[in-house]
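Structure, as structure tokens:
The values are calculated or read from the model by the stated rules, or taken from the named source; none is laboratory data. Given the structure is predicted, the values throughout are model-derived calculations rather than measurements. Reconstructed Cβ throughout: ideal geometry from the backbone, glycine too, with neighbour counts over all protein chains shown.
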Amino acid sequence: MGALIEVVMPVFLVIGFGYAAVQRGIFSDAGVDGLMRFTQKFAIPCLLFQAMSTLDIGAVFEWRLLVSFYTGALCGFALGLLGARYLFGRRWDDAVAIGFCCLFSNSVLLGLPIAERAYGEASLSANFAIIAIHSPFCYMVGITAMEIVRSSGKSAVATVWSILKAMFSNALIIGIALGITVNLSGVTLPGVLTDAVAMMVRAALPAALFGLGGVLVRYRPEGDTRTIGWVVIVSLIVHPAVAFGLGQSFGLSQEMLRAAVLTGAMAPGVNAYVFADMYGCARRVAASSVLIGTLATVVTAWAWIQILG
């Protein structure tokens, strides 16, 4: 438990710094918007580009691992979307954004350090296999669902075009696509370019977390506590439970089962807010779910580690 607190606490401190800076007027509200724009359109795409361009693609294709994890993720998305719509009466576009919160677990910022502390660095290859397609998969699901619910009156062709246009004008998807292209082509990039990308990458997660803290000043969980609770339960309990059941039925190795369950057991990642902010939907739920879910992960991740052994 102490190790998990040591992993999670720095995340809270950076979020807390952002919150305090905006609340006390040291950092402006407009500055938060600019910082989130920087992370969404530049720093995080660079992070995804770097990860995809250097990944061992062959490690990705263990279908039992991916089916176990991503079936749990899709179940989370469906429960988040339908619960938001039919339990809490949200608009369909809000419901999609809330479903995305249940879909996108924090596989990098929480998943990797917690798994490393629990099982050692040598155990992380299966985690990286999941992470390799995590952002492309989740954004494909989220963008497709959002464009469908917003396609009122459009033809099927126009809807498909809207989906493709939204996906390939998204800086995050562009970063992933360019990274895969570099990886598969075998092109060696100039050192000055990779060093510049690495500098951007180092800024990505701290800037996003600091900005999220500022966002929380604007979107406090007033009136949305039941919805936020639903997101946290689906994210931290349902997703890993589905992954655990499927992984056992598929006979996954202990290392792969741990990767699928622990990665699925992470709180919604900062990209949950990035997606909500991109469409202007359910920002308060997304921001608060990241914060409250991350806090709850201290307890639930410890419980899953006990179950996994």
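Within segment 71-78, identify whether any single residue is farther than 15 Å from Met266 by Cβ, among the aliphatic types (A, V, I, L, M) and out of contact with any Lys or Arg (no Cβ under 9 Å at 6 or more places or on another chain), and answer yes or no. So far as segment 71-78 goes, yes, one or more of its residues are farther than 15 Å from Met266 by Cβ, among the aliphatic types (A, V, I, L, M) and out of contact with any Lys or Arg (no Cβ under 9 Å at 6 or more places or on another chain). Residues of segment 293-303 that are modelled with pLDDT of 85 or more, of a type outside the set (S, T, N, Q) and touching a helix residue (DSSP H, G or I) at 6+ places or on another chain (Cβ under 6 Å): Gly293, Ala296, Ala301, Trp302.
Among residues of segment 272-286 that are free of Cβ contacts under 8 Å to residues at least 12 places away in the same chain, none has a beta-carbon under 8 Å from a residue that is crowded, with 23+ Cβ neighbours inside 10 Å and not in a helix (DSSP H, G or I) at least six positions away or on a different chain. List the number of the failed condition for Val217; all other conditions in (1) crowded, with 23+ Cβ neighbours inside 10 Å; (2) in contact with an Asp or Glu (Cβ under 9 Å, 6 or more places away or on another chain); (3) over 26 Å from Tyr70 (Cα atoms) hold. For Val217, the exception is condition (1). Which members of segment 91-125 meet the condition of being at pLDDT 85 or above and farther than 19 Å from Cys75 by Cβ? Passing the criteria: Arg91, Trp92, Asp93, Asp94.
Report yes if Gly34 is at pLDDT 90 or above and surrounded by fewer than 22 Cβ atoms within 10 Å (Cβ to Cβ), otherwise no. Yes: the conditions hold for Gly34. For segment 234-252, filtered to residues that are small (Gly, Ala, Ser) and part of a helix (DSSP H, G or I), the residue that is nearest to Val215 (Cα to Cα) is Ser235. Under the condition of being closer than 28 Å to Ala129 by Cβ and outside any helix (DSSP H, G or I), which residue from segment 253-292 is modelled with the lowest pLDDT? This residue is Gly269. Residues that are surrounded by 21 or more Cβ atoms within 10 Å (Cβ to Cβ), polar (S, T, N, Q) and on the phi < 0 side of the Ramachandran plot do occur in segment 271-280, at least one of them. Go through (1) in contact (Cβ under 8 Å) with a residue 60 or more places away in the chain; (2) aromatic (Phe, Trp, Tyr); (3) more than 24 Å from Ala43 (Cβ to Cβ) for Tyr139 and report which single condition fails. Of the numbered conditions (1) in contact (Cβ under 8 Å) with a residue 60 or more places away in the chain; (2) aromatic (Phe, Trp, Tyr); (3) more than 24 Å from Ala43 (Cβ to Cβ), the odd one out for Tyr139 is (3). Within segment 245-282, restricting attention to residues that are of a type in the set (Val, Ile, Thr) and more than 17 Å from Thr300 (Cβ to Cβ), the residue that is farthest from the chain's Cα centre (by Cα) is Val274.
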